Amino acid sequence: MMRTLVITLARLRILYLAPGGLCCAAPHTYLQPHIDVTYTAVDGVKQSFNDSICVTVPQDSFFFNVMEIAQKRDPRRFSFTYTLSVWGAYITSVQGLEAHPKDSTYWQLLSNGIPLTLGAGCYAVSHGERLEVRFSKYKLQGTGQPEHKECS
């Protein structure tokens with residue numbers, strides 16, 4: 001597990017260093033409302049799997065938290081690995097299927113079918129949302145890497 005740095009601000013908000021970088025959220029408590037989201041892992045290149053799970057997470061959770069909970073509930077279908085970069089957690093594999101720059105493959109993050117511009121550790125999820133990690137291919141343009149944006 002990744003260690004986090006927690007700083008209390010006015011007893012309402014905290015800053016923490018998480019897989020998505022420096023983020024801001026309300027502290028999670030047992031009394032905090034929970035939300036339900038659907039999480040799907042899809043091989044969009046070879047179509048070898050398309051697995052979904054409904055998970056309940058504390059309100060103010062991030063995409064990465066949903067992935068962790070899904071992995072705990074069903075590691076065979078929702079295991080994943082990641083590396084940390086200046087942009088936060090970069091998903092490197094799901095179900096053992098690894099992204100490789102030489103193959104121009106990566107794990108794309110989507111919400112309700114729309115590609116996200118934030119990483120898994122920065123994107124705050126909402127009740128009823130449909131989250132997806134999709135194994136995809138990108139076209140080489142310039143650097144040959146998919147675009148990343150820092151947390152804002």
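The table below lists the values:
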item: Local electrostatic count, Trp107, Cβ distance below 13 Å [Lys/Arg +1, Asp/Glu -1]; result: -2
item: Rounded accessible area per residue of the range 43-116, 1.4 Å, Å²; result: 51 Å²
item: Net +/- balance of residues flanking Val37 in space, Cβ distance below 9 Å, scoring K and R +1, D and E -1; result: -1
item: Nearest-0.05 FRET efficiency for Thr117 and Ser48, computed from C-beta distance (R0 22 Å); result: 0.20
item: Under 13 Å, Cβ to Cβ, from Tyr82 - net charge with Lys/Arg +1 and Asp/Glu -1; result: -2
item: Gyration tensor (alpha-carbon) shape descriptor, the range 52-127, a/c threshold 1.5; result: oblate
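The values are calculated or read from the model by the stated rules, or taken from the named source; none is laboratory data. Small disclaimer: the values here were computed from a predicted structure and weren't measured. Neighbour counts run over all protein chains shown; Cβ positions are idealised from the backbone, glycine included. In case anyone asks, the SASA skips ligands and DNA or RNA and just uses the protein heavy atoms, side chains included. Shrake-Rupley method; radii C 1.70, N 1.55, O 1.52, S 1.80 Å.
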